[in-house]
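Here the structure comes first, spelled out in structure tokens, and everything after it is commentary.
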Amino acid sequence: MKLDRPDSPCIGICTTLYTDKCSACGRTYMEVALWNSMSEVEKEEIWQRIDKEATSWRYNQYKDRVK
């Protein structure tokens, strides 16, 4: 697990309207809903997927929110 990551990929602009993943953080609705009950391993797998995809807003127009 990366120690420099925030607790969650959330950047405070949640939207799953017309998509299967949140446009802001890149997680699915169920990943968001279950995040607090997931193990660190499960969370890391999700982090790795969204880092690899790098298509959510946290990686482009709102990247200043993740600092």
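What the chain shows is 71 Å² of accessible area per residue, with the surface traced by a 1.4 Å probe over protein heavy atoms. Here the chain has 54 percent of its accessible surface on carbon and sulfur atoms, given a 1.4 Å probe and all protein chains in place.
Distant-in-sequence amide contacts of Thr28, defined by a placed amide H-H separation under 5 Å and a gap of 5 or more residues or a different chain, comprise Cys22.
Once the other residues with Cβ under 14 Å from the Cβ of Met30 are scored (Lys, Arg +1; Asp, Glu -1), what is the net sum? Taking every Cβ under 14 Å from that of Met30, the sum is 0.
Placing a label point 7 Å from the Cα of Tyr62 along the Cα-to-Cβ direction, the residues of segment 36-53 with a backbone N closer than 16 Å are 50-51.
Potential lengthening of the chain between Met38 and Tyr18 amounts to 4.7 nm, from the contour at 0.36 nm per residue minus the alpha-carbon distance.
The values are calculated or read from the model by the stated rules, or taken from the named source; none is laboratory data. Given the structure is predicted, the values throughout are model-derived calculations rather than measurements. All Cβ positions, glycine included, derive from the backbone under ideal geometry; neighbour counts span all protein chains shown. Calculation scope for accessible area: heavy atoms of the full protein, side chains included, ligands and nucleic acids excluded. Shrake-Rupley method; radii C 1.70, N 1.55, O 1.52, S 1.80 Å.
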